[in-house]
Amino acid sequence: MKRIVVLALTCILLLGVLVGCSKPEQSGKEKLIMSTSAGFPPYEMTDDEGNYIGIDVEIAYAIADELGMELVIDDLEFAAALEAAKSGKSDMVMAGVTVNEEREKEMIFSIPYATAVQVIIVTEDSEIRSKEDLPGKSIGTQIGTTGNIYCEDDYGEVSNVIGYDNGITAIQALKNGQIDCVVVDNAPAQTFVKDNKGLKILETEYKTEQYAIGFAKNKTELRDKVNEVLKKLIDNGTVAEIVDAYINAEPEKDYGDGFWGKFHRAFIARNRWKQYLSGVGSTLMVTALALVIGVVLGVLVAIIRTAHDQQRPGRKNVILGFVNGICKVYITVIRGTPMLVQLLIMGFVIFSSSRSYTAIGILTLGINSGAYVAEIIRGGLMSLDPGQMEASRSLGMNYIDSMRFVVVPQAFKSILPSLGNEFITLLKDTALIYTIGGKELVYAARAIANRTYEQMFPLVGSAVIYLVLVLIFTWLQGLLERRLRQSDRR
Ligand code: ARG
């Protein structure tokens, strides 16, 4: 028992440290943390090693250089990237962000460094010829962006406006025929049309937008410093040079649209398999750490609850009653709310100023799993005939020893299958942490889909990987159960 408590505290402490402080200083230089949303070429995207590139990224590097700071990039969903800067989790957001009135109420902006206008992307044979044809259509946008806001305002009532997590997903839906058009900023639109056959661009006549860098309201000093440097970079032509290089970049090499072409692009081209591999690595790490937290928490809670329920009538312990109450609330809340919502609350509310996204994911998964593990273990302990406990107590063993030598070993065998299922659920649930910025297998698959405009192979590929992992663990679990059965017979 003492060991369990110590282990639990160490784990929670360790994680607290992980979550609480960001990565250790490496260069001694002060960090400039930029949040972005890297599915917006040519402004921000990932290259094949998973590095961030694009116009915004290069400008940000140039700014950091001039300021003598080290640039750190956090890739989040667009709304989360804005939120991160607003709440001070990052120093600034650079994500092709249009300055508008609502956003100016929430944050402050640098001088503008680019202009943009919303355009409509349709397939070449589309019957949509202009904005006038949009009523009644299915319109794809990126959620939280100005394109999404304009379309909701103008066509929300008469059309089906869909908010995708990024423009690339919307383009894929358009290519699949799920929607009729995509409304998005002109520069990414040009990249999308260049990279995909059979698409064309229509004008919208929405007003011209200005891109600027966003900061939290209290970061005026940093904003002013950035402004000074940004002005210099615009005046000496650096910004124009960067823009030129990206606008004239080569499109992704064409491996053909057949099965092998797509397969090649999704897994083999530019060593993309390495990205999946590192994704699997972090998925396994997240699972293992969350499992440790889950089991430790689960055992603790189960012991407290069983001890409480097995008290002799008339000899109720007040402290135990109180702790038991807390445990009950914990289990009820965790089991009564969706995992995804728990993650979002942890990522964006409770730890809204931490940038250790993966660690927050681990902590949340562990806490979630703990509630289920607790109930599984409690079920196992309660299922044992009370005569077992009574017999060992009458032999003179105390409560803890009876638990340790008589009850727990017997209960363990009956809970092993359910515990195995819980572990498998946990492994699969790690896929959710990409929603709060965690990086694991699904993140890798999505990043590759964003580069290749092809969801099927990366997504089915990651599904196959999860399946193989689950099969391996099921097999191991079977082995363990067989071993336990054998040791029983002897
Ligand atoms: N300019 C638009 C806006 O501010 C779209 C920006 C989307 N940016 C991105 N990195 N996905 O709403």
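The values are calculated or read from the model by the stated rules, or taken from the named source; none is laboratory data. Nothing here was measured: the structure is a model prediction, and the numbers come from that model. Cβ sites come from the backbone with ideal geometry, for glycine too, and all protein chains shown count toward neighbours.
A few remarks follow.
- Counting only strands (runs of 3 or more DSSP E) wholly contained in segment 78-157, the ones carrying 1 or more residues that are at pLDDT 95 or above, more than 10 Å from the ligand (Cβ to nearest atom) and surrounded by fewer than 22 Cβ atoms within 10 Å (Cβ to Cβ) occupy 107-109, 118-123, 138-142.
- Among the candidates I247, I242, I303, the residue that is out of contact with any helix residue (DSSP H, G or I) (no Cβ under 6 Å at 6 or more places or on another chain) and buried (at least 17 other Cβ atoms within 10 Å of the Cβ) is uniquely I303.
- Of the residues in segment 353-367, at least one is out of contact with any Phe, Trp or Tyr (no Cβ under 6 Å at 6 or more places or on another chain), surrounded by 15 or more Cβ atoms within 10 Å (Cβ to Cβ), at pLDDT below 95 and among the β-branched types (V, I, T).
- Residue list for segment 260-272, filter: on the phi < 0 side of the Ramachandran plot and surrounded by fewer than 19 Cβ atoms within 10 Å (Cβ to Cβ): W260, G261, K262, F263, H264, F267, I268, A269
- Scanning segment 54-77 for residues that are within 13 Å of the ligand (Cβ to nearest atom) and closer than 18 Å to A245 by Cβ returns G54, I55, D56, V57, A60.
- Residue match in segment 368-377 (condition: surrounded by 15 or more Cβ atoms within 10 Å (Cβ to Cβ) and within 15 Å of I433 (Cα to Cα)): yes
- Whichever residue in segment 25-53 is in a strand (DSSP E or B), among the polar types (S, T, N, Q) and within 11 Å of the ligand (Cβ to nearest atom) and, among such residues, is surrounded by the fewest Cβ atoms within 10 Å (Cβ to Cβ): S35
- Inter-residue pairs, beta-carbon under 9 Å, first under 9 Å from T123 (Cβ atoms) and in segment 173-184, second within 16 Å of the ligand (Cβ to nearest atom) and of a type in the set (V, I, T), 6+ apart: L174/I121; L174/V182; D180/I139; C181/I120; C181/I121; C181/I139
- Checklist (1) surrounded by 12 or more Cβ atoms within 10 Å (Cβ to Cβ); (2) more than 32 Å from the chain's Cα centre (by Cα) applied to M339, failing item: (2)
- Filtering N421, N450 for residues that are in contact (Cβ under 8 Å) with a residue 60 or more places away in the chain and under 28 Å from S282 (Cα atoms) leaves a single hit, N450.
- Some residue of segment 404-425 being under 30 Å from V193 (Cα atoms) and either out of contact with any Asp or Glu (no Cβ under 7 Å at 6 or more places or on another chain) or surrounded by fewer than 21 Cβ atoms within 10 Å (Cβ to Cβ) (or both): no
- Residues in segment 202-237 that are at pLDDT 95 or above, within 16 Å of the ligand (Cβ to nearest atom) and over 27 Å from the mean Cα position of the chain (by Cα): E209, Q210.
- Just one of the numbered conditions (1) crowded, with 20+ Cβ neighbours inside 10 Å; (2) in contact with a His (Cβ under 7 Å, 6 or more places away or on another chain); (3) polar (S, T, N, Q) is not true of N324: (1).
- Test: residue in segment 438-448 that is closer than 30 Å to I377 by Cα, in contact with an Asp or Glu (Cβ under 9 Å, 6 or more places away or on another chain), part of a helix (DSSP H, G or I) and among the aliphatic types (A, V, I, L, M): no
- Hits in segment 172-198 (condition: in contact with a helix residue (DSSP H, G or I) (Cβ under 6 Å, 6 or more places away or on another chain) and either at pLDDT below 95 or within 11 Å of the ligand (Cβ to nearest atom) (or both)): V183, V184, P188, F192
- So P417, is it over 30 Å from M339 (Cα atoms) and assigned to a helix (DSSP H, G or I): no
- Matching residues, segment 101-122, being free of Cβ contacts under 8 Å to residues at least 60 places away in the same chain and not acidic (D, E): K105
- Unique match (being surrounded by fewer than 16 Cβ atoms within 10 Å (Cβ to Cβ) and either assigned to a strand (DSSP E or B) or of a type in the set (S, T, N, Q) (or both)) among Q210, Q275: Q210
- Residues being more than 16 Å from the ligand (Cβ to nearest atom) and in contact with a strand residue (DSSP E or B) (Cβ under 7 Å, 6 or more places away or on another chain) - total across segment 158-171: 2
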